[in-house]
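Quick notes on the structure that follows.
The values are calculated or read from the model by the stated rules, or taken from the named source; none is laboratory data. Since the structure is predicted, the reported quantities are computational estimates derived from the model, not experimental observations. So basically every Cβ, Gly included, is an ideal-geometry build from the backbone, and we count neighbours across all protein chains shown. Keep in mind that these areas ignore ligands, DNA and RNA; they rest on the heavy atoms of the full protein, side chains included. Shrake-Rupley method; radii C 1.70, N 1.55, O 1.52, S 1.80 Å.
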Amino acid sequence: MIASVRGTVTATGPDHAVVEVGGVGLAVHCAPGTLADLRVGQPAWLATSLVVREDSLTLYGFADDDAKQLFELLQTASGVGPRLAQAVLAVHTPDAVRKAIANADTAALTRVPGIGKKGAERLVLELRDRIGPVPVGADGAAGVTGGAWPEQVRQALVGLGWTAGQADQAVAAVAETVDGPPPPVPVLLKQAIRLLGRTR
């Protein structure tokens, strides 16, 4: 496994860069944002993920380990290969991807070429519990509250005995009523329980 490469950039293309390491030129596939920071003739360091196929060995490069780890996690979802995982990171930052999945923001995910509504829903369903902590947004504390409450309410509902699907529906319904900074999680949870009480 080639976890990272450090060397001199000898060439760049629309979707890759060649990094010379110990006299060997490695072709590393990168998203446009990563390529934009590389300069021919200059030293570079890239976190890398080696994708092995029967007929190929392809090295994908990232500006940091966070993007690399998310790239590898995305591929554990059904129907997501390395090219689509890289497309996600070409459109969104790792933080934005985590927020979109944690908040079931399928609209953000469908902005990625190759991901339709069903694909976005599948990403949320399969990765939501494994996406890790949702980071603080540029809006400071509001980003924590806004990004964290749907998952907290969802987990609480599942813990109380509702199915994940019922919890998702209730969280989505509650989210529609939130305008501006959300109320405390216990208030939102009570609201969700009231909604689910009607459907039982």
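Each Lys and Arg contributes +1 and each Asp and Glu -1, all at the Cβ; summed about the Cα centre of the chain, the dipole is approximately 640 debye.
Is the range 22-69 rounded, prolate or oblate when judged by the Cα gyration tensor, a ≥ b ≥ c being the square roots of its eigenvalues, rounded requiring a/c under 1.5 and prolate requiring a/b larger than b/c? Please report the intermediate quantities before stating the final value.
Working: a/c = 2.00, a/b = 1.28, b/c = 1.56.
Cα axes put the range 22-69 in the oblate bin.
Quick check: at a probe of 1.4 Å, how many percent of the accessible area of the chain sits on carbon and sulfur atoms?
Working: 5910 of 10670 Å².
Of the solvent-accessible surface of the chain, carbon and sulfur hold 55 percent.
Computed over protein heavy atoms with a 1.4 Å probe, the accessible surface of the range 4-62 works out to 54 Å² per residue.
Cross-link partners for Lys118 among the lysines, with Cα-Cα distance under 23 Å and sequence neighbours closer than 8 places in the same chain left out: Lys99.
Here the label points at Glu121 and Ala90, each 7 Å from Cα along the C-beta direction, are separated by 2.7 nm in the simple model.
Can you compute the helix-only [θ] at 222 nm over the chain? Use -39500 (n - 2.57) per DSSP H run of at least 4 residues, normalise by all residues, nearest 500 deg cm²/dmol. Spell out each step's value before the answer.
Details: 9 runs with 96 residues, N = 200.
Helix-only estimate at 222 nm: -14500 deg cm²/dmol.
Take the range 66-128 with all the other protein chains still there, run a 1.4 Å probe, and you get 44 Å² of accessible area per residue. Cα centroid separation, the range 170-200 to the range 13-44: 48 Å.
Take the Cα of Arg6, step 7 Å toward its Cβ, do the same at Asp129, and the gap between the two points is 4.0 nm.
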